[in-house]
1. Residue B:154: in contact (Cβ under 8 Å) with a residue 12 or more places away in the chain and within 25 Å of residue A:70 (Cα to Cα), yes or no?
2. When you scan region A:186-194, do you find a residue that is under 21 Å from residue A:107 (Cβ atoms) and within 14 Å of chain B (Cβ to nearest Cβ), even just one?
3. Among the residues of region B:157-186, write down those that are more than 22 Å from residue B:99 (Cβ to Cβ), free of Cβ contacts under 8 Å to residues at least 60 places away in the same chain, touching a helix residue (DSSP H, G or I) at 6+ places or on another chain (Cβ under 8 Å) and surrounded by fewer than 19 Cβ atoms within 10 Å (Cβ to Cβ).
4. Does region B:1-24 include one or more residues that are within 18 Å of residue A:92 (Cα to Cα), free of Cβ contacts under 8 Å to residues at least 40 places away in the same chain and in contact with a helix residue (DSSP H, G or I) (Cβ under 7 Å, 6 or more places away or on another chain)?
5. Given the residues A:71, A:81, which is the only one that is under 30 Å from residue A:157 (Cα atoms), within 14 Å of chain B (Cβ to nearest Cβ), surrounded by fewer than 20 Cβ atoms within 10 Å (Cβ to Cβ) and at pLDDT 95 or above?
6. Out of all the residues in region B:3-10, is one or more at positive phi and surrounded by fewer than 18 Cβ atoms within 10 Å (Cβ to Cβ)?
7. Which condition number in (1) surrounded by fewer than 16 Cβ atoms within 10 Å (Cβ to Cβ); (2) more than 12 Å from every other protein chain (Cβ to nearest Cβ) is the one that residue B:137 fails?
8. Among the residues of region A:112-129, which ones are part of a helix (DSSP H, G or I) and within 7 Å of chain B (Cβ to nearest Cβ)?
């Protein structure tokens with residue numbers, strides 16, 4: 001069997017590695033699993049064949065033989081369950097690492113996405129800057145809590161885990177906002193994630209797609 | 001060992017079962033596990049002892065012997081892994097049910113929370129109604145996708161699972177918005193969840209806390 005994931009044919013992040021296929025690519029690189037990528041257009045993503053794979057019409061999807069999954073949290077967890085390297089063996093440490101996966105996606109990511117979306121959706125309104133300042137403060141509150149938890153630790157709970165992988169990719173969405181820079185230990189945490197060889201391989205792979213699409 | 005969860009001493013939902021301890025209570029009722037509840041005030045939630053259990057200062061937390069968890073997704077998953085009844089045995093069906101857990105929390109819940117938050121945070125602004133209409137449409141888009149996926153099915157993927165449990169609790173947050181009523185099969189899906197005996201027991205337990213607090 002071989003793994004196939006989907007990714008944007010033309011990623012709106014211009015190869016910045018912010019699209020969610022980056023999370024799955026990174027997880028597969030951490031565990032040393034090869035994978036194929038099927039590129040999809042925005043139009044394809046809204047058609048019945050893709051919606052059968054992903055009811056919310058997004059990327060990435062994950063296919064391996066009979067199994068088809070969507071949601072990066074679920075895909076990364078599946079990879080972590082099938083291969084060593086992304087979750088601790090000890091039961092309690094494993095449960096805590098899974099907690100950080102959910103914390104990244106359900107507590108930290110939503111205010112970050114909201115801040116990002118606002119520009120696209122209401123960026124032309126007279127009240128956008130007033131709203132943005134409120135959304136910035138919500139993100140700051142989460143970053144402050146995360147910074148306090150992290151302290152001088154290298155990763156969120158012991159060794160690097162799928163929880164860190166998701167948290168780092170979530171936090172990277174703040175690139176250019178200036179918010180992370182207010183919390184130096186969080187900035188250093190993101191940098192540690194980005195320095196991992198598996199991260200670099202995943203980043204280069206998605207950048208190559210963008211470069212090829214731009215040249216084409 | 002015995003399970004202890006935390007819940008609001010004075011729930012802002014006035015016993016409506018919208019606070020997140022409801023998810024954990026329901027999961028524990030589905031698998032037939034008894035549990036203790038420790039009630040916490042808003043002040044307690046922001047103090048170091050609680051932040052050591054929950055870095056983001058929220059409820060619920062989950063303690064069982066040496067293990068301490070936060071994040072409802074993680075707690076429900078832990079309960080599902082330790083007991084039968086919330087995840088299918090077959091590997092692919094299990095992975096798909098876990099996908100729906102993440103979909104409930106990372107794709108469906110964020111726009112619902114955002115809509116809810118807006119009232120508290122910017123409800124007094126002149127532009128609130130303009131923003132609300134945009135946030136309503138974002139929720140509608142997710143409900144339409146969910147409705148199309150669900151069709152005439154009873155649950156999201158085969159038998160009732162932890163994915164349905166989380167999705168139903170997430171969708172219940174729209175009570176009073178009038179949005180769910182636009183999608184009758186989604187409304188019927190929520191009603192099926194609420195009709196489960198385990199749901200009723202969990203709901204009654206959290207309502208009893210509210211009534212006792214109000215009488216006190």
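The values are calculated or read from the model by the stated rules, or taken from the named source; none is laboratory data. From a predicted model like this one, the values you see are computed outputs, not experimental measurements. Every residue, glycine as well, gets a Cβ built from its backbone with ideal geometry; the counts of neighbours run over all protein chains shown.
1. Values: in contact (Cβ under 8 Å) with a residue 12 or more places away in the chain: yes; within 25 Å of residue A:70 (Cα to Cα): yes.
Judged against the criteria, residue B:154 is a match.
2. yes
3. If the condition is that a residue be more than 22 Å from residue B:99 (Cβ to Cβ), free of Cβ contacts under 8 Å to residues at least 60 places away in the same chain, touching a helix residue (DSSP H, G or I) at 6+ places or on another chain (Cβ under 8 Å) and surrounded by fewer than 19 Cβ atoms within 10 Å (Cβ to Cβ), then B:181, B:182 are the ones that fit.
4. Within region B:1-24, none of the residues are within 18 Å of residue A:92 (Cα to Cα), free of Cβ contacts under 8 Å to residues at least 40 places away in the same chain and in contact with a helix residue (DSSP H, G or I) (Cβ under 7 Å, 6 or more places away or on another chain).
5. Values: A:71 fails: surrounded by fewer than 20 Cβ atoms within 10 Å (Cβ to Cβ).
Exactly one of A:71, A:81 is under 30 Å from residue A:157 (Cα atoms), within 14 Å of chain B (Cβ to nearest Cβ), surrounded by fewer than 20 Cβ atoms within 10 Å (Cβ to Cβ) and at pLDDT 95 or above, namely A:81.
6. no
7. Just one mismatch for residue B:137, condition (2).
8. Result: A:113, A:114, A:121, A:122.
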